[in-house]
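Here it is, the structure, as C-alpha cells.
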Amino acid sequence: MTVGHVVVGSGPVHVLALHGWFGSAKGWGDLPLLIDQDRYTFAFLDYRGYGSRQDETGDYDLAEISVDARRLADELGWDRYALLGHSMGGTAMMRTFADAPERVTALVGVSPVPPTGIPFDAESWALFDGAAASDDNRAAIIAFTTGNAHPKEWVQEMVRFSVANSRREAFAAYLPSWGTTDFHDEVPTVDVPLRLIAGARDPALGPQTCEATWLQLFPDAQLDVIEDAGHYPMYESPGEFMADLNRTLDALD
C-alpha cells in the first residue's frame, strides 16, 4: 500500500516533511507555495489516521511514523533526504533520524517537541488530553500557543482544519507518544545541520523551550526566532519562515 502523501517540486534536494498534531500533509500553511520547485522536492507525509489516511489503522506512535516515513522515502526512490518536522513532527523527526541516521542530510524542527517529551502539569495534560473530543480544547491550545494574537475566526479555522483532517481516535492516541516519550539517549551524534525555528509568541515550544531542551542536548544546533509568530510560523510569518528554512536547505544543493 502506498503511503499517503503530497509531493511538491521536482528538484534534486529531497525533503521529507512530518506534520504536527493539528496538521496533515496539507497542513503547512503557505510553505508549498514558496518552495523553489526546480531545486527541491518536498514529500509531505500523512500519518495514519490523518488526511488521506484517516481510515488507516495503526499503533499511532512515533515508531510507526518513523517506519512510514522511511517507507515513503523508499517508494519515492530516495536514499537520502532532509527531515522537516513541525511540533509533534519535531520529535517524530528525531525518532526517524535515530532509526536511520545514515539516510538524513539535515534536520529542521519548527516549534519542535524535543525527544525528551514534555513535562505536562495536571491542568495542561487535562487540556491536551481532552482535545480529541473537545473542539473548545483545541481552540484554547491554538490560541495559547500563538500568544492569543489572532482573531477568533483564525483560531476556529485552524480547529476546523484539524477536525476535518484527523480521526479523533488517532488524534487522541498520538498524544502519549509525542508528549511523554523520552528517547533522547537513543539519538546518535548529530553530524548533519540541525536548525530550530521558533515563534517568539509561542509560550509552549518557543525559544525558551528550545534553549532549555534542544540546545542542551544538541549544542551545535542553530536557533532562529521569528518575532511575529507563535506556534505556526508557516501560517503566521511565511516569508521569514521560508528564509530560515532555506538557510539550511540551500547548503544541500
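Name the one entry in A139, A170 that is of a type in the set (G, A, S), within 20 Å of G85 (Cβ to Cβ) and in contact (Cβ under 8 Å) with a residue 12 or more places away in the chain.
Values: A139 fails: within 20 Å of G85 (Cβ to Cβ).
Answer to the check: A170.
Here's the yes/no breakdown for (1) part of a helix (DSSP H, G or I); (2) over 23 Å from F120 (Cβ atoms); (3) of a type in the set (S, T, Y):
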residue	(1), (2), (3)
H150	no, yes, no
F161	yes, yes, no
L175	yes, no, no
E211	yes, no, no
D220	no, yes, no
D250	yes, yes, no
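Here's a follow-up. In the list E169, E157, which residue meets the criterion of being part of a helix (DSSP H, G or I), closer than 19 Å to Y47 by Cβ and open to solvent by 80 Å² or more (accessible area, probe 1.4 Å)? Talk me through it step by step, then tell me what you get.
Numbers: E157 fails: closer than 19 Å to Y47 by Cβ.
The unique qualifying residue is E169.
Still on this structure, please answer the following. Of all residues in segment 132-148 being touching a Gly at 6+ places or on another chain (Cβ under 8 Å) and either open to solvent by 40 Å² or more (accessible area, probe 1.4 Å) or in a helix (DSSP H, G or I) (or both), which is farthest from H231 (Cα to Cα)?
Step one: list which residues in segment 132-148 are touching a Gly at 6+ places or on another chain (Cβ under 8 Å), which gives 137, 145-147.
Going one step further and asking which of them are either open to solvent by 40 Å² or more (accessible area, probe 1.4 Å) or in a helix (DSSP H, G or I) (or both), we end up with 137, 145.
Details: N137: 16, T145: 6 Å.
By that ranking, first place goes to N137.
Out of W28, W78, which single residue is of a type in the set (F, W, Y) and either open to solvent by 60 Å² or more (accessible area, probe 1.4 Å) or farther than 29 Å from A140 by Cβ (or both)?
Step by step, each of W28, W78 is checked, and only W78 is of a type in the set (F, W, Y) and either open to solvent by 60 Å² or more (accessible area, probe 1.4 Å) or farther than 29 Å from A140 by Cβ (or both).
For the structure I just gave you, tell me whether D129 is out of contact with any strand residue (DSSP E or B) (no Cβ under 6 Å at 6 or more places or on another chain), among the charged types (D, E, K, R), closer than 27 Å to Q54 by Cβ and surrounded by fewer than 16 Cβ atoms within 10 Å (Cβ to Cβ). Break it down into steps so the answer makes sense when it comes.
Details: out of contact with any strand residue (DSSP E or B) (no Cβ under 6 Å at 6 or more places or on another chain): yes; among the charged types (D, E, K, R): yes; closer than 27 Å to Q54 by Cβ: yes; surrounded by fewer than 16 Cβ atoms within 10 Å (Cβ to Cβ): no.
When the stated conditions are applied, D129 does not pass them.
From the list L72, L16, which one is in contact with a Ser or Thr (Cβ under 9 Å, 6 or more places away or on another chain), under 22 Å from M234 (Cβ atoms) and surrounded by 23 or more Cβ atoms within 10 Å (Cβ to Cβ)?
Details: L72 fails: surrounded by 23 or more Cβ atoms within 10 Å (Cβ to Cβ).
Result of the check over L72, L16: L16.
Is there a residue being of a type in the set (S, T, Y), open to solvent by 40 Å² or more (accessible area, probe 1.4 Å), at pLDDT 95 or above and closer than 20 Å to L16 by Cα anywhere in segment 172-188? Before the answer, list the steps.
In the first step, residues of segment 172-188 are kept if they are of a type in the set (S, T, Y); the result is 174, 177, 180-181.
With open to solvent by 40 Å² or more (accessible area, probe 1.4 Å) added as a condition, the list becomes 180-181.
Subsequent filtering for residues that are at pLDDT 95 or above retains 180-181.
With closer than 20 Å to L16 by Cα added as a condition, the list becomes none.
No, the conditions are met nowhere in segment 172-188.
Still on this structure, please answer the following. I need the full set of residues from segment 31-59 which are open to solvent by 10 Å² or more (accessible area, probe 1.4 Å) and among the hydroxyl-bearing types (S, T, Y), in order please.
Across segment 31-59, the qualifying residues are T41, S52, T57.
Check off (1) modelled with pLDDT of 95 or more; (2) surrounded by 16 or more Cβ atoms within 10 Å (Cβ to Cβ) for D220 and give me the number that stays unchecked.
Going through the list (1) modelled with pLDDT of 95 or more; (2) surrounded by 16 or more Cβ atoms within 10 Å (Cβ to Cβ), D220 breaks only (2).
Condition first: within 19 Å of A140 (Cα to Cα), among the basic types (K, R) and in contact (Cβ under 8 Å) with a residue 12 or more places away in the chain. Can you find one or more residues in segment 181-201 that meet it? Spell out how you get there, then give the answer.
Narrowing segment 181-201 to residues within 19 Å of A140 (Cα to Cα): 199-201.
From the residues that got through so far, the ones that are among the basic types (K, R) too are 201.
Checking which are in contact (Cβ under 8 Å) with a residue 12 or more places away in the chain leaves us with 201.
Checked against the condition, which is being within 19 Å of A140 (Cα to Cα), among the basic types (K, R) and in contact (Cβ under 8 Å) with a residue 12 or more places away in the chain, segment 181-201 yields at least one hit.
The values are calculated or read from the model by the stated rules, or taken from the named source; none is laboratory data. Here the structure is a predicted model, which is why all the values come from computation and not from measurement. Glycine also receives a Cβ, built like all others from the backbone with ideal geometry; neighbour counts cover every protein chain displayed. Note: areas computed on protein heavy atoms with side chains; ligands, DNA, RNA excluded. Shrake-Rupley method; radii C 1.70, N 1.55, O 1.52, S 1.80 Å.
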